[in-house]
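Visitor: I am attaching a structure below and will ask some questions about it afterwards.
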Amino acid sequence: MNPAVLEFIQCAVLIGVGATLVMDLWAIVIKRCFGIPSLNFAMVGRWIGHLPRGRFRHENMARSAPVRGEAWLGWGAHYAIGIVFAAMLLAVVGIPWTLRPTLAPALLFGILSVAAPFFILQPGMGAGIAASKTPRPNTARLRSLMAHAVFGVGLYVTTWTLMHFYGG
């Protein structure tokens, strides 16, 4: 395999997993400190599990038929999506950014990545576009935005950490 492609994939995987882990640690902190629950990734897995069956939209994900291994599927997808987002960031900023990462592009990309839950996941799971069908849409939107901003910070922190410990 081309060394540049291999480096790109390696960076995307490491940065994506690290940033997603930062996002998950944030979710643990806000749950423990404020009692705010995070997204149930089993429901994400359930939604994904219904996709091959041609079901893209549900009225209420919790009432949809369970899918075997939905928790594993949801958590796996969560980390795979983090890797894909990291790859998208690297495709825009280039691998040289990893040698001297800056916060702005990572944070901006994290914030922009909130479009995925707003326009794909939430409507598909029955919550409407940007959580419009939830009891408190603005609260749900703010939570999503905060989580994705933390993901953006995670992109930067993970890249900076990797660069300082392995690249510099």
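The values are calculated or read from the model by the stated rules, or taken from the named source; none is laboratory data. Keep in mind that this is a model prediction, so the values were computed, not measured. Heads up, the Cβs are rebuilt from the backbone with ideal geometry, glycines too, and the neighbour counts pull from every protein chain shown.
Visitor: Confirm whether residue 99 is in contact with a helix residue (DSSP H, G or I) (Cβ under 7 Å, 6 or more places away or on another chain), touching a residue at least 60 places away in the same chain (Cβ under 8 Å) and not small (Gly, Ala, Ser).
Guide: Yes: the conditions hold for residue 99.
Visitor: Which of the following residues is surrounded by 18 or more Cβ atoms within 10 Å (Cβ to Cβ), at pLDDT 95 or above, hydrophobic (A, V, I, L, M, F, W, C) and under 15 Å from the mean Cα position of the chain (by Cα): 112, 89, 108?
Guide: Testing whether each residue is surrounded by 18 or more Cβ atoms within 10 Å (Cβ to Cβ), at pLDDT 95 or above, hydrophobic (A, V, I, L, M, F, W, C) and under 15 Å from the mean Cα position of the chain (by Cα) leaves just 89.
Visitor: Does residue 58 count as within 28 Å of residue 126 (Cα to Cα), of a type outside the set (Phe, Trp, Tyr) and touching a Lys or Arg at 6+ places or on another chain (Cβ under 9 Å)?
Guide: When the stated conditions are applied, residue 58 passes them.
Visitor: I'm checking my understanding of the structure. Among residues of segment 8-38 that are in contact with a Lys or Arg (Cβ under 9 Å, 6 or more places away or on another chain) and in a loop (DSSP other than H, G, I, E, B), which one is surrounded by the fewest Cβ atoms within 10 Å (Cβ to Cβ)?
Guide: Result: 37.
Visitor: Against the conditions (1) in a helix (DSSP H, G or I); (2) without any contact (Cβ under 8 Å) to a residue 24 or more places away in the chain, where does residue 107 fall short? Just the number, please.
Guide: All conditions are met except number (2).
Visitor: Related question: Filter segment 41-64 down to the residues that are surrounded by 15 or more Cβ atoms within 10 Å (Cβ to Cβ) and either of a type outside the set (D, E, K, R) or without any contact (Cβ under 8 Å) to a residue 24 or more places away in the chain (or both) and list them by number.
Guide: Across segment 41-64, the qualifying residues are 41, 42, 43, 44, 45, 47, 48, 49, 50, 58, 61, 64.
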